[in-house]
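Enquirer: Here it is, the structure in full.
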Amino acid sequence: MNLLLSLLLLVSTFSSSLAKGAFQSLLPSEDFGDRSNGFLAWAISIGKSVNGVPLWVIEISDKPGEEETEPAFKASFGYIGNVHGDEPVGRELLIFLANWLCDNYLKDPLATLIVENVHLHLLPSMNPDGYTLGKRGNANNIDLNRDFPDQFFLANDDEESRQPETRAIMNWLRDIRFTASATLHGGALVANYPWDGTRDKRWTFYYGCPDDEAFRFMSSIYSHSHYNMSSSKEFIDGITNGAAWYPLYGGMQDWNYIHAGCFELTLEISDNKWPTASELPILWKYNKMSMLNLVASLVKTGVHGRIYSSGDGRPLPGFITVSGINYTVRAGKTFGDYHRLLGPRDRYEVVATMPGYKSKNTSIWLDEGAMTLDFVLDPEVSVKLKGEYFFLILLDKANVLILLTK
Ligand SMILES: *[C@@H]1O[C@H](CO)[C@@H](O)[C@H](O)[C@H]1NC(C)=O
Ligand SMILES: *[C@@H]1O[C@H](CO)[C@@H](O)[C@H](O)[C@H]1NC(C)=O
Ligand SMILES: *[C@@H]1O[C@H](CO)[C@@H](O)[C@H](O)[C@H]1NC(C)=O
Ligand SMILES: [Zn+2]
């Protein structure tokens, strides 16, 4: 009932707002849900724009809305469209993507893989007001991709004075614990990866983040799966470091990587920002395999696994680091699952840590495929008998060390 209601709301919201634009309504003729195997999609609003328009997210999964572990735990991927109001191609392509996945589940292997193994969240429009007004910024004329707290531009640090759209995205990203995401922009054809800003604001130069290798790998998956992005004359291989192209501050990409544990790409998916509606099917055709393969990379590449306690076998919300890369990935609270994206390489040393437990590390060889790697950590429990005194260090549910004496 709730699902149906929210789907209907979504449909009516999109119909009315799309009807005002240059684009035709691209809504499904039927509801997303109930395609032979139960619901595949539902929609929720994660906040409101300045003018009070809900920010609708379509979630696609064989169990939408559930944090689940069986048959395999799932990583989450987010696509965000229309950050800039005058770049509406992304918002339309996300509707194509939602429809294609729902229509092809159990018919196409890639659709089935994504629906069954990824929680896919699609936010077609982050900036519905800018879209309605046909301009880049939101209703307050703020460029939302300059509105995030920034590691080098501290003027943006106050979270409360962010725009409502920005705050909604920040809360959503922290809430879902996305493994990766991508925003869809227009005006160029390139896959852009962090950092977007540099410490030295005077120059434009390549400024890679700790996971530069993984980001170049992910960006290449997009550009090589695209109709002709990788044959770009401006960008080698159709990919670019953000700062090497033009530095920007307050962008979503750097914030996601630093604060949300989420590997985010900024995808420029069409040279023409606002093409005619009749060009959308061809733009979908050009980007379709890229959009699908990027989501599928969460399943097909990287290292994934769970962290357990050797004592009682319970899942641990521990930390995963990789030697030589200054970045920490957190395991989930409920299932202790982690998802660490990495490019192919001969050797990585993967380290699992958890307060109150002994760390463990394993060396792995990673080719283009994914690897499953579980860690079983031993608690640092010690029992000492000293005369008639008895010291015992225990771990309570929150993994706080407690010292009992008797
Ligand atoms: C890609 O193809 C489109 C459509 O044919 C064309 O307009 C565009 O210039 C091409 N871009 C590159 C980088 O080859
Ligand atoms: C690792 O990154 C953190 C920020 O996430 C930074 O404060 C720290 O200095 C870095 N460490 C090294 C060794 O670069
Ligand atoms: C990995 O384990 C070995 C011994 O088992 C240890 O010498 C090394 O310092 C560990 N590396 C890290 C990064 O913890
Ligand atoms: Zn843009």
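Any read-out appearing in this document is the output of simple, stated calculations on the displayed coordinates, not a laboratory observation. For clarity, every value in this text was computed on a predicted model and none was experimentally measured. Here the Cβ is made from the backbone with ideal geometry for all residues, glycine too, and neighbour counts use every protein chain on show.
Enquirer: Run the simple label-point estimate for Thr372 and Thr112 please: 7 Å along Cα→C-beta, distance reported in nm.
Expert: Placing both labels 7 Å beyond Cα along the Cβ direction yields 1.8 nm.
Enquirer: Still on this structure: Using the charge dipole of the stretch 191-315 (Lys, Arg: +1 at Cβ; Asp, Glu: -1 at Cβ; taken about the Cα centre), state which of Asn287, Val299, Gly261 has its Cα farthest towards the positive end.
Expert: Val299
Enquirer: Would you please name the trypsin sites (Lys or Arg not before Pro) within the stretch 271-368 that are DSSP coil residues with at most 12 other C-beta atoms within 10 Å of their C-beta?
Expert: Lys333, Lys358
Enquirer: Return the subset of Lys233/Lys285; Lys233/Lys300; Lys74/Lys273; Lys63/Lys333 for which the Cα-Cα distance in this structure is over 26 Å, preserving the input order.
Expert: Values: Lys233/Lys285 21 Å; Lys233/Lys300 29 Å; Lys74/Lys273 34 Å; Lys63/Lys333 19 Å.
In this structure, Lys233/Lys300; Lys74/Lys273 lie more than 26 Å apart at Cα.
Enquirer: May I ask you to derive the FRET efficiency for Lys300 and Asp271 from their Cβ-Cβ distance with R0 = 22 Å, giving the value to the nearest 0.05?
Expert: For R0 = 22 Å, the calculated efficiency reads 0.15.
Enquirer: Just want the answer: with Cβ charges of +1 for Lys and Arg and -1 for Asp and Glu, which residue in Met252, Thr240, His339 is farthest toward the dipole's positive end in the stretch 221-365?
Expert: Sorting the options by dipole projection puts first His339.
Enquirer: Extension gain Lys233-Thr204, at 0.36 nm per residue separation less the Cα-Cα distance, in nm?
Expert: 8.5 nm
Enquirer: Net charge around Glu279, counting only other residues with Cβ within less than 15 Å of its Cβ (Lys, Arg = +1; Asp, Glu = -1)?
Expert: +1
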